[in-house]
Amino acid sequence: MLVAKATRWLAALSVAVATLGTAVTALAQDKKIKIGVIYDLTGPLAGGGSELQYTGAKIMLDHYAKTGVEGYKIEAVYADAQSKPDIAINEAVRLIEQEKVDMLLGFFSSAQCVPVAARVEQLKKFMWITTCISSSVLADKNFKYVFRPQASGDQFGMMTMDFIAQNAKEKFGKEPKDLRVAIIHEDGAYGVDVAKGNEVGAKKAGFNVVLKEGYSATAPDLSALVTKLKRAKPDVIFHTGYNPDITLFARQAREQGLKFGALVGHGAGYGVYEKLKEGLGADVNYVFNTDPISIWLANQKSMDPKLPPVIKMVGEEFDKIKPGVAIRSAHVGMAASNTYVFLTEVLPRAIKKYGGVDPDALRKAALEVDLPEGGTMLGFGVKFYGEGTPMAGQNERSFPVVIQYIDDKSYVVWPKSQAQREAVLPLPAGTTYSYK
């Protein structure tokens, strides 16, 4: 009798323990962060770099979906902004209210970022911007929940002006005050912001600005702009655009016989070499682009030693997705690196120190990130401006670089601390646009 009772008791205990174990396992599985990811997978911005940004972010999110972070499962829910600001806003709200995501990540276009950031802040949700650069996303907004590790647009515009100013005498044989420059840009938040940086940089350098003009990125004809440039006779054209507008401009410039000494681009469409090559052919040679450095060009010797293996992993995964690409776009590494910073610096701290993944825990964790130069795959560090500052939520340690495309390769040419080779300036004689 006693044996039978003992057997029944042990059996009941085993069931109880098994049930408890199942409950604990279920509880552990329920611990997750749901991340809403928004990029443009269709429309003109997809080919302008947004799809590549999506690819970089997804590589990193997929990697951490396998391991989780501090016991939390990573679940990504993707949405297509379709290259339209209103769709981006609608998708952001849908992901928050219907999909019940804990936060939003991504965003390529500044024209989308500006209204979406305001809406997300209003909803008191956490937003991690990997890409869009316009200063107006954050300037004087004093947002609490919106963070951007990416460099801002005015930095892009000022850096390219400094680059040309420092090379004016040696390369063009002219003092900066005698150098004729033109600033052209798409007229959205992105183009306007970079152009403002160009203007500030041009004034500082003392350049002769012979033309400054914006245009719609969806314009079907840019021949009138090309005509104005022909009359203005610039030594250097500073251009901020997406694509196909870059291709349209280059084609009509060729058809109308526009000549100049250098074409300096600022991210977006200029960061997608395959599209540039497709649209410009051999004329892509010697074009400049300004962007955060490609993770495959960054100086790994001055980098945190744990990062080079991650760069290798991202490259291998990208090659599986898009084999045979001549130059791995900086866009891919940019999104991968900025996503990695969130997954390795912000998220673990929010969970361990602040008890979870709610917006306030993520915000507090983000404000404590303190990475020195070399602390990211993009070479720069991370420290966010806090509340009450003009650029609250912006990474104060980010910076872009200037690269030049030469013979299907990209080389960092500025600043000197990162340069891999001397810039070729002005365009060599015999090339399509050369005024030599």
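The values are calculated or read from the model by the stated rules, or taken from the named source; none is laboratory data. Small disclaimer: the values here were computed from a predicted structure and weren't measured. Every residue, glycine among them, receives a Cβ derived from its backbone with ideal geometry; neighbour counts consider all protein chains shown. Remember, those area values only see protein heavy atoms, side chains included, never the ligands or the DNA or RNA. Shrake-Rupley method; radii C 1.70, N 1.55, O 1.52, S 1.80 Å.
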| said: Condition (residue is under 22 Å from L343 (Cα atoms) and at pLDDT below 95) applied to the range 13-27: is it met by at least one residue? | reply: yes
| Can you find even one residue in the range 366-374 that is open to solvent by 10 Å² or more (accessible area, probe 1.4 Å) and part of a helix (DSSP H, G or I)? | yes
| said: Considering only the range 316-333, I want to know if a residue exists there that is among the β-branched types (V, I, T), touching a residue at least 40 places away in the same chain (Cβ under 8 Å), open to solvent by 60 Å² or more (accessible area, probe 1.4 Å) and in a helix (DSSP H, G or I). | reply: yes
| query | Considering only the range 177-200, how many residues are among the basic types (K, R) and either assigned to a helix (DSSP H, G or I) or open to solvent by less than 10 Å² (accessible area, probe 1.4 Å) (or both)? | reply | 2
| task | List the number of the failed condition for G356; all other conditions in (1) in contact with a helix residue (DSSP H, G or I) (Cβ under 8 Å, 6 or more places away or on another chain); (2) closer than 29 Å to T55 by Cβ; (3) of a type in the set (G, A, S); (4) not in a helix (DSSP H, G or I) hold. | result | (2)
| query | Of all residues in the range 218-254 being of a type in the set (F, W, Y) and modelled with pLDDT of 95 or more, which is surrounded by the fewest Cβ atoms within 10 Å (Cβ to Cβ)? | reply | F249
| said: R363 - would you say it is open to solvent by less than 50 Å² (accessible area, probe 1.4 Å), touching a helix residue (DSSP H, G or I) at 6+ places or on another chain (Cβ under 9 Å), charged (D, E, K, R) and touching a residue at least 24 places away in the same chain (Cβ under 8 Å)? | reply: yes
| task | Write out, first by first residue and then by second, each pair whose Cβ atoms fall under 8 Å of each other, whose residues are 6+ apart or on separate chains, and whose first residue, in the range 121-132, is without any contact (Cβ under 8 Å) to a residue 40 or more places away in the chain and farther than 14 Å from F384 by Cβ while the second is basic (K, R) and surrounded by fewer than 24 Cβ atoms within 10 Å (Cβ to Cβ). | result | E121/K141; E121/K144
| Selection status of K203, surrounded by fewer than 22 Cβ atoms within 10 Å (Cβ to Cβ), modelled with pLDDT of 95 or more and under 19 Å from L427 (Cα atoms) | no
| query | Restricting the search to the range 390-404, which residues are open to solvent by 10 Å² or more (accessible area, probe 1.4 Å) and touching a residue at least 24 places away in the same chain (Cβ under 8 Å)? | reply | P390, M391, R397, F399, I403
| For the range 133-142, does any single residue satisfy the condition of being among the basic types (K, R) and open to solvent by 50 Å² or more (accessible area, probe 1.4 Å)? | yes
| remark: The residue that is modelled with the lowest pLDDT, considering only those in the range 103-130 that are open to solvent by 10 Å² or more (accessible area, probe 1.4 Å) and closer than 22 Å to Y340 by Cα, is F108
| message | With touching a residue at least 60 places away in the same chain (Cβ under 8 Å) and aromatic (F, W, Y) as the only criterion, which of Y215, Y286 stands out? | response | Y286
| task | Answer yes if at least one residue in the range 156-168 is in contact with a strand residue (DSSP E or B) (Cβ under 6 Å, 6 or more places away or on another chain), open to solvent by 30 Å² or more (accessible area, probe 1.4 Å) and farther than 23 Å from A330 by Cα, and no otherwise. | result | no
| message | I'd like the residue in the range 281-315 that is acidic (D, E) and not in a helix (DSSP H, G or I) and, out of all such residues, is modelled with the lowest pLDDT. | response | D291
| query | Does V146 satisfy being touching a residue at least 24 places away in the same chain (Cβ under 8 Å) and either more than 18 Å from the chain's Cα centre (by Cα) or open to solvent by less than 40 Å² (accessible area, probe 1.4 Å) (or both)? | reply | yes
| said: Looking only at the range 255-280, filter to residues that are in a loop (DSSP other than H, G, I, E, B) and touching a Leu at 6+ places or on another chain (Cβ under 7 Å); which one of those is surrounded by the most Cβ atoms within 10 Å (Cβ to Cβ)? | reply: V272
| note | If we ask which residues in the range 38-57 are open to solvent by less than 60 Å² (accessible area, probe 1.4 Å) and either without any contact (Cβ under 8 Å) to a residue 12 or more places away in the chain or closer than 13 Å to A336 by Cα (or both), their number turns out to be 7
| So which pairs qualify, if the first residue must be in the range 72-85 and touching a residue at least 12 places away in the same chain (Cβ under 8 Å) and small (G, A, S), the second must be surrounded by 19 or more Cβ atoms within 10 Å (Cβ to Cβ) and assigned to a loop (DSSP other than H, G, I, E, B), the Cβ gap must be under 8 Å, and the two must be at least 6 apart or on different chains? | A81/D40; A81/F107; A81/F108; A81/S109; S83/D40; S83/S109
| query | What number of residues within the range 225-253 satisfy the criterion of being touching a Leu at 6+ places or on another chain (Cβ under 6 Å) and of a type in the set (G, A, S)? | reply | 2
